[in-house]
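> One structure coming up, written as structure tokens, with questions to follow.
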Amino acid sequence: MSCLKRGPVLAVTSVSVFFFLIVLRLINEVNFLKLLSCFGQSGSGCVPLSDIQRQSLAYRHGYVNIKTREPLHLECDLCAIVSSSGQMIGQKMGREIDQSSCVWRMNNSPTKGYDEDVGAKTTIRVVSHTSVPLLLKNAEYFFKETNSTVYVIWGPFRNMREDGKGIVYNMLKRIVEKYRNAKIYITTEERMDYCDSIFKEETGRDRVQSGSYLSTGWFTLILAIEACNRIHVYGMINDTYCRTEGFRKVPYHYYEPGRYECDEYLLHENAPYGGHRFITEKRVFAKWSKLHNITFTHPDWTV
């Protein structure tokens with residue numbers, strides 16, 4: 001009789017476990033795959049994910065190789081995101097930065113001549129459509145000397161369209177024709193819409209209606225959160241920095257004297273149309289740092 005009673009119990013238990021796993025999948029597909037591959041196994045020999053599964057999870061959809069049409073494959077442990085800010089001047093963090101699994105840079109920020117402060121290694125460079133002409137001014141360096149770097153170019157459909165009318169897309173096509181080893185990815189229109197939707201969700205403001213332009217830092221953090229286990233951001237100021245007594249007055253870019261960082265931040269934040277909302281974005285980044293493994297230093301953030 002005990003055996004007869006145990007059968008229905010086991011059946012119910014199996015069904016419960018099955019539905020529990022389905023729920024977990026809806027919550028987190030990665031965790032579902034890990035649990036499923038180890039289900040019914042015990043001991044240290046259980047491998048959570050196969051190599052094929054792990055590789056498939058490292059594909060970042062929304063970023064397409066301009067030459068092969070393949071999605072971006074990117075997975076890092078510790079990511080060092082190096083700001084282009086003048087805050088990096090004199091910090092001497094180059095050696096620490098270069099020891100990171102992946103080093104991220106933005107737009108055309110150089111390393112030559114600044115490596116003591118910002119490092120020399122570049123794994124991935126996130127670039128605005130408006131900065132592509134700046135890369136072309138030094139194309140031999142960006143696309144030949146450092147051809148191991150992955151470039152992610154973001155921009156609106158009008159500049160990135162592939163029907164011959166996209167000015168920036170046409171530039172990038174010429175680059176990959178000349179530099180065949182260049183690893184260049186572009187954001188899809190769907191990805192651009194997604195990044196806009198995140199801005200609206202986090203700020204309550206429609207990007208277009210509020211006359212806001214997203215910054216390269218915005219696109220960088222969104223991709224890094226997906227691709228990195230840990231993130232260390234160097235040289236990015238927080239949303240209150242420019243109102244802090246005795247703040248450090250530095251150039252907007254560490255490689256371009258002239259414009260001052262806080263002047264640019266305040267100018268853009270208060271622009272009625274066409275400005276980057278740097279200060280608003282930093283407020284969102286502070287929120288994200290509590291949800292993800294993100295550290296901000298030089299200057300340090302209190303969140």
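> Which of Tyr265, Tyr255 comes first, and how do the rest follow, when ranked by fewest Cβ neighbours within 10 Å?
Ordered by Cβ neighbours within 10 Å, fewest first: Tyr255, Tyr265.
> Taking the Cβ of Arg95 as the centre, find all other residues whose Cβ is under 12 Å away and add up their charges (Lys, Arg: +1; Asp, Glu: -1).
Net local charge, Arg95 excluded: -3.
> Among Leu291, Leu135, Leu266, rank each residue by its count of other Cβ atoms within 10 Å, from fewest to most, as a rough exposure measure.
In order of increasing Cβ crowding within 10 Å: Leu291, Leu266, Leu135.
> Rank the residues Leu223, Leu72 as a footprinting-exposure proxy: fewest other Cβ atoms within 10 Å of their Cβ go first.
Ordered by Cβ neighbours within 10 Å, fewest first: Leu72, Leu223.
> Enter the Cα centre distance for the pair the range 58-87 and the range 171-215, rounded to the nearest angstrom.
13 Å
> Compute the signed sum of charges (Lys and Arg +1, Asp and Glu -1) over the other residues within less than 9 Å, Cβ to Cβ, of Glu116.
So the environment of Glu116 carries a net charge of 0.
Laboratory data are not the source of any read-out in this text; all were calculated from the coordinates shown. Quick caveat: nothing in here was measured; it's all calculated off a predicted structure. Because the Cβ atoms are built from the backbone with ideal geometry, glycine has one as well, and the counts that use them run over all protein chains shown.
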